[in-house]
1. Restricted to the stretch 76-94, and to residues that are more than 17 Å from GLY167 (Cα to Cα) and open to solvent by 40 Å² or more (accessible area, probe 1.4 Å), which residue is farthest from the ligand (Cβ to nearest atom)?
2. Looking only at the stretch 109-123, count every residue that is open to solvent by less than 20 Å² (accessible area, probe 1.4 Å), within 25 Å of GLY79 (Cα to Cα) and away from the ligand (no atom under 16 Å from the Cβ) and tell me the total.
3. Kindly establish whether LEU97 is of a type outside the set (Ser, Thr, Tyr), within 14 Å of the ligand (Cβ to nearest atom), more than 24 Å from ARG73 (Cα to Cα) and buried (at least 16 other Cβ atoms within 10 Å of the Cβ).
4. I'd like to check something: does the stretch 76-84 contain any residue that is in contact with a Leu (Cβ under 7 Å, 6 or more places away or on another chain) and over 23 Å from ILE5 (Cβ atoms)?
5. Give the stretch 85-119 a look and list any residue that's without any contact (Cβ under 8 Å) to a residue 24 or more places away in the chain and either farther than 19 Å from ARG132 by Cβ or of a type in the set (A, V, I, L, M) (or both), or say none.
6. Which pairs turn up if I take residues in the stretch 30-48 that are farther than 18 Å from LEU178 by Cα and look for partners that are open to solvent by less than 100 Å² (accessible area, probe 1.4 Å) and of a type in the set (Gly, Ala, Ser) with beta carbon separation below 6 Å, at least 6 apart in sequence or on another chain?
7. Scan the stretch 127-161 for residues that are closer than 24 Å to ASP183 by Cα, open to solvent by 20 Å² or more (accessible area, probe 1.4 Å) and more than 12 Å from the ligand (Cβ to nearest atom) and jot them down.
8. With the structure loaded, tell me whether ILE65 is farther than 18 Å from PRO157 by Cβ, more than 16 Å from the ligand (Cβ to nearest atom) and among the β-branched types (Val, Ile, Thr) or whether it fails that test.
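The values are calculated or read from the model by the stated rules, or taken from the named source; none is laboratory data. Remember, predicted model here, so these are calculated numbers, not experimental data. Positions of Cβ are backbone-derived with ideal geometry, glycine not excepted, and every protein chain shown enters the neighbour counts. Side chains included, ligands, DNA and RNA excluded: accessible areas come from the protein's heavy atoms. Shrake-Rupley method; radii C 1.70, N 1.55, O 1.52, S 1.80 Å.
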Amino acid sequence: MTGAIPKLLKLSAGGLPVAWIDWQRAVCLYMEDKVLWEAGEQEIVIRGGINRATGQQTLFNMSSIIAVNDRSRIWESGGTFALTRRRLYARDRGLCLYCGTHLSESSMTMDHVKPRAQRGHHCWENVVSSCRACNQKKGCRTPEAASMPLLAVPYAPNVAEMLILSGRHVMTDQMDYLERFLDLNKVA
Ligand SMILES: [Zn+2]
């Protein structure tokens, strides 16, 4: 099971999903009595050492979804994570949004749909992942001026969607929980 232990979905005290945390961090939260409540239907079981007296292996059971006092207030401040390369790559499914080529994360470039030179903003709605060739071909032009239509309209994914997109080994109950928040785009 090593290497494939799923992450826990962390919720704010109010039940809003805020982050993935690894099991080591979660064990600390349990030990420090910081888990307010559990919302998972599934469990993540960590196997410890063998107890010498009993010969039994110690097990640590955690809920796949836990609520803690979280101070990020990310939902209150717009419900969207800051734009980063990695998150952009996840949002655009690793594709160049001009030619549809599948990119590796290292070969992806961030293209400003409305170029920075034309005062285009560096924000989710104005940035797409692009291959180097398309980025160079487009240059300092808009997609219209360059006759390079976008394959999808860039948008700001909400926290729940980004957690789905960036999650690995997402458990079914975690997915169900996150899907309930997909419609809450831009609560602000
Ligand atoms: Zn391309």
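1. Initial filter on the stretch 76-94 (more than 17 Å from GLY167 (Cα to Cα)): 76-79.
After this cut, where a residue has to be open to solvent by 40 Å² or more (accessible area, probe 1.4 Å) as well, the list is 76-77.
On the way: GLU76: 37, SER77: 33 Å.
Residue satisfying both the conditions and the ranking: GLU76.
2. Going through the stretch 109-123 one residue at a time, the tally reaches 1.
3. Working: of a type outside the set (Ser, Thr, Tyr): yes; within 14 Å of the ligand (Cβ to nearest atom): yes; more than 24 Å from ARG73 (Cα to Cα): yes; buried (at least 16 other Cβ atoms within 10 Å of the Cβ): yes.
So LEU97 passes the test.
4. Taking the stretch 76-84 and keeping what is in contact with a Leu (Cβ under 7 Å, 6 or more places away or on another chain), we get 79.
Remaining after also requiring over 23 Å from ILE5 (Cβ atoms): 79.
Within the stretch 76-84, one or more residues are in contact with a Leu (Cβ under 7 Å, 6 or more places away or on another chain) and over 23 Å from ILE5 (Cβ atoms).
5. Those that are without any contact (Cβ under 8 Å) to a residue 24 or more places away in the chain and either farther than 19 Å from ARG132 by Cβ or of a type in the set (A, V, I, L, M) (or both): MET108, ALA117, ARG119.
6. LEU36/ALA13; LEU36/ALA67
7. Result: ALA152, VAL153, TYR155, GLU161.
8. In short, yes.
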